[in-house]
Amino acid sequence: MWRFFHKLGSPKHFYRIAGAWIPWLALFCAGFMLVGLYLGLWVAPPDYQQGESYRIMYVHVPAAWMSLFIYVVMAGAGAIGLIWHMKLAEVMAISSAHIGASFTFLALVTGSIWGKPMWGTWWVWDARLTSELILLFLYLGVIALHNAVEDKRTAARATSILAIVGVVNIPIIHYSVEWWNTLHQGPTVTKFDAPSIDVRMLIPLLLMAVAFKLFYAVVVLMRARCEILQRERNTQWVRQLAGES
Amino acid sequence: MTTAEFFHMGGYAFYVWTSYGLTLIVLLANVLSPLRQRRKILADLARRERRERKLK
């Protein structure tokens, strides 16, 4: 067991193990997504207030959850990289940034498209929407800072600190709908008593959430493999790999 | 539910399908970007390898 983790920490073995996992993770992701879409778009009943428009939820909510989840992973990996100087953690942190930014963008845009028919406006400067927009800027800041610093290890240190400081925004986003009066509805799934959502709507939502998590796992490993190739370009095994291709 | 009703989405077709379309684009971009990057890195490395062999 410990040997396995030790091996996982070495870029060469991580590259190989990640390569073996990616097809399986992708397969499960596709399975969850297909069933989730079928149940969500076809089987689940329309909402009694919002009609069919609520079906945007099946992409909007998982994307928004992922925007928070990936940020926490990125900041956590950044912290591990800072404390234990683990190269692999640095790789995971920066690989997560691009994906997290894209999910944040998706959550904002699908939310906006949902807001137009339901609230009558594309955008309002309320707490939930504004704090999510700040999250997007945090991601973009991390990416820009990483690109601005030439040396990869210095860049990783700087971006990790920025990512960790930005974590303060995560609880603000989560509780924004409770702390402030906002147009955005309150949580219906992630609260302590039973979810106040019909089970026929809840199941596809959870399936889509799992699918999005698996999707993140697939693409973060793909990106991490690229990042490792870049960083290890002068090692024997990467040279050999390049020679074979 | 008929197929026509399905695509009509109770009058919200534009909003619902735009959201799903954008989601598809973002997911595809996330897959294609590392694939392209990987090809580029390997091509660069292979070029470097060839150049070094010539210099020897």
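Quick notes on this structure:
- In the condition set (1) buried (at least 17 other Cβ atoms within 10 Å of the Cβ); (2) within 14 Å of another protein chain (Cβ to nearest Cβ); (3) at pLDDT below 90, A:Arg225 is compliant with all but (3).
- Test: A:Val91 is within 14 Å of another protein chain (Cβ to nearest Cβ), buried (at least 18 other Cβ atoms within 10 Å of the Cβ), out of contact with any strand residue (DSSP E or B) (no Cβ under 7 Å at 6 or more places or on another chain) and not small (Gly, Ala, Ser): yes
- In segment B:7-19, the qualifying residues are those that are part of a helix (DSSP H, G or I) and facing chain A (nearest Cβ under 7 Å), and the one that is farthest from A:Ala63 (Cα to Cα) is B:Gly10.
- Taking segment A:145-161 as the range and being of a type outside the set (S, T, N, Q) and within 21 Å of A:Gln230 (Cβ to Cβ) as the test, the residues that pass are A:Leu145, A:His146, A:Ala148, A:Val149, A:Glu150, A:Asp151, A:Lys152, A:Arg153, A:Ala155, A:Ala156, A:Arg157, A:Ala158.
Quick grid of which residues meet (1) under 23 Å from the mean Cα position of the chain (by Cα); (2) farther than 30 Å from A:Ile83 by Cα; (3) small (Gly, Ala, Ser):
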{"site": "A:Pro117", "(1), (2), (3)": "no, yes, no"}
{"site": "A:Val124", "(1), (2), (3)": "no, yes, no"}
{"site": "A:Leu138", "(1), (2), (3)": "yes, no, no"}
{"site": "A:Leu162", "(1), (2), (3)": "yes, no, no"}
{"site": "A:Gly186", "(1), (2), (3)": "yes, yes, yes"}
{"site": "A:Ile203", "(1), (2), (3)": "yes, yes, no"}
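- Test: residue in segment A:174-196 that is within 14 Å of another protein chain (Cβ to nearest Cβ), crowded, with 16+ Cβ neighbours inside 10 Å and within 30 Å of A:Val43 (Cα to Cα): no
- Against the numbered list (1) of a type in the set (Lys, Arg); (2) out of contact with any Lys or Arg (no Cβ under 9 Å at 6 or more places or on another chain); (3) over 27 Å from A:Phe103 (Cα atoms), B:Arg48 comes up short only at (2).
- For segment A:197-218, the criterion of being farther than 25 Å from A:Val73 by Cβ, touching a helix residue (DSSP H, G or I) at 6+ places or on another chain (Cβ under 9 Å) and within 10 Å of chain B (Cβ to nearest Cβ) is met by no residue.
- Close Cβ contacts (under 6 Å, 6 or more residues apart or on different chains) running from residues in segment A:160-182 that are over 23 Å from A:Gly141 (Cβ atoms) to residues that are acidic (Asp, Glu) and outside any helix (DSSP H, G or I) comprise A:Thr182/A:Asp126.
- Cβ separations smaller than 6 Å between residues 6+ apart or across chains give the following pairs from segment A:45-62 residues that are facing another protein chain (nearest Cβ under 9 Å) to residues that are crowded, with 21+ Cβ neighbours inside 10 Å and in a loop (DSSP other than H, G, I, E, B): A:Glu52/B:Tyr12; A:Ser53/B:Tyr12.
- Of the candidates A:Trp42, A:Trp84, A:Trp24, the single residue that is out of contact with any strand residue (DSSP E or B) (no Cβ under 7 Å at 6 or more places or on another chain), closer than 30 Å to B:Glu5 by Cβ, among the hydrophobic types (A, V, I, L, M, F, W, C) and loosely packed, with under 13 Cβ neighbours inside 10 Å is A:Trp42.
- Cβ pairs under 8 Å, 6+ apart, first in segment B:20-41 and within 7 Å of another protein chain (Cβ to nearest Cβ), second among the basic types (Lys, Arg) and not in a helix (DSSP H, G or I): B:Ile41/A:Arg233
- Any hit, segment A:102-111, residues being over 19 Å from A:Gly186 (Cα atoms), of a type in the set (Gly, Ala, Ser), within 11 Å of chain B (Cβ to nearest Cβ) and in contact with a Lys or Arg (Cβ under 6 Å, 6 or more places away or on another chain): no
- Annotation for segment A:127-147: no member residue is surrounded by fewer than 16 Cβ atoms within 10 Å (Cβ to Cβ), out of contact with any Pro (no Cβ under 6 Å at 6 or more places or on another chain) and among the acidic types (Asp, Glu).
The values are calculated or read from the model by the stated rules, or taken from the named source; none is laboratory data. Remember, predicted model here, so these are calculated numbers, not experimental data. Virtual Cβ from ideal backbone geometry, glycine too; neighbours counted across all protein chains shown.
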